[in-house]
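The values are calculated or read from the model by the stated rules, or taken from the named source; none is laboratory data. A quick note: this is a predicted structure, and the numbers were derived from the prediction, not measured. Neighbour counts run over all protein chains shown; Cβ positions are idealised from the backbone, glycine included.
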Amino acid sequence: MGTMVGHVAPGAGFILIGMWQLFNHIRLFALRPSSYAAPVWFPVRGVRHLELILVIVGAAISILMELVIGPARHQPFDDDGTIPSNHLHNFEHASISLALLVYAAVTIHMDRARAPMRDAVSQLVAAAAFAQQLLIFHLHSADHMGVEGQFHWLLQTVIAVTLATTVLGIPCPRSFAISLVRSASLVFQGVWFVVMGVMLWTPALIPKGCFLHLTKLYPEEPRYLPLVKGGGGGGDGDSDGGRFSIGDDEDDLEAAKGGFGHVAGGGNAVEIER
């Protein structure tokens, strides 16, 4: 994420899966209203696990985009191995994709193994993935202020609906209403991702009074004024009682850039005490 494509592409994936599930839930209920039981996913003739495979492929691409392809150096870590603050959101987005990937992989494995209670377990894993998604967006490292913050708050509302209906689907698998709302909330998640991508990353659509704040390629070099001992009245060298003054001489500033511990002022080296 962080770009228009980064929002629109996942949004398209949510819309595709949500519409697929919405159509199949309506079809299944129309065919068998008395014996309706909502599955977590729907098999496809010829490629049984196509829905889950698409989730895995989409999640894997998202992780690669966030952690490998997207960063300028094609890796998100700093030189000392730590995570820089400007790449923290990449790990947050990648963790959401990883949770969805785990859900799809676990579901495929349990279906192939014909494990007992596989639908309930898969639904529980899906609920855990949506719970993580809600938590990540609630504690997002991005600023929650302004227009982007309002978009994120509304997105959390839709995710909360998806989480609640997913949890309720475990004890109530025969409820068509729960399945309908869950599928619709997946579609709305996708729609909202697309809306965020278009509205926040198209300059012509930025609301009046707002502006885009992007990272500068060449940020302004910070300028520091050194604290130098002295700067007081005459007399003893220690008569100022160890007070400090802010050096405002340009030569002092340039000398401070060249070394640490001493500042050249008026031709004399003055020690900086910390």
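Quick notes
- Candidate set: the range 163-180, residues that are in a helix (DSSP H, G or I) and touching a residue at least 60 places away in the same chain (Cβ under 8 Å); chosen: the one nearest to Y36 (Cα to Cα): F176
- Restricting attention to the range 1-41, the residues that are among the small types (G, A, S) and part of a loop (DSSP other than H, G, I, E, B) add up to 5.
- Among the candidates H93, H140, H89, residue that is assigned to a loop (DSSP other than H, G, I, E, B), closer than 30 Å to V40 by Cβ and touching a residue at least 24 places away in the same chain (Cβ under 8 Å): H140
- Considering the range 21-40, the residues that are out of contact with any Ser or Thr (no Cβ under 6 Å at 6 or more places or on another chain) and of a type in the set (S, T, N, Q) include one that is nearest to V191 (Cα to Cα), namely N24.
- For the range 153-169, filtered to residues that are surrounded by fewer than 21 Cβ atoms within 10 Å (Cβ to Cβ) and among the small types (G, A, S), the residue that is farthest from V187 (Cα to Cα) is A164.
- Residue satisfying condition, being more than 26 Å from L67 (Cβ to Cβ) and assigned by TED's automatic domain parsing to the domain that holds H25, within set A126, A104, A164: A164
- Residue within the range 18-30 that is modelled with pLDDT of 95 or more and farther than 22 Å from T162 by Cα present: yes
- Neighbours by Cβ (under 7 Å, 6+ apart or cross-chain): first from the range 1-20, closer than 11 Å to V187 by Cβ; second in a loop (DSSP other than H, G, I, E, B) and not β-branched (V, I, T): W20/F42
- From V198, V191, residue being aliphatic (A, V, I, L, M) and either crowded, with 20+ Cβ neighbours inside 10 Å or closer than 15 Å to L22 by Cβ (or both): V191
- In this structure, Q150 qualifies as modelled with pLDDT under 95 and assigned to a helix (DSSP H, G or I).
- Positions within the range 10-27 being buried (at least 16 other Cβ atoms within 10 Å of the Cβ) and within 15 Å of V181 (Cα to Cα), in sequence order: F14, I15, I17, G18, W20, Q21, L22, N24, H25
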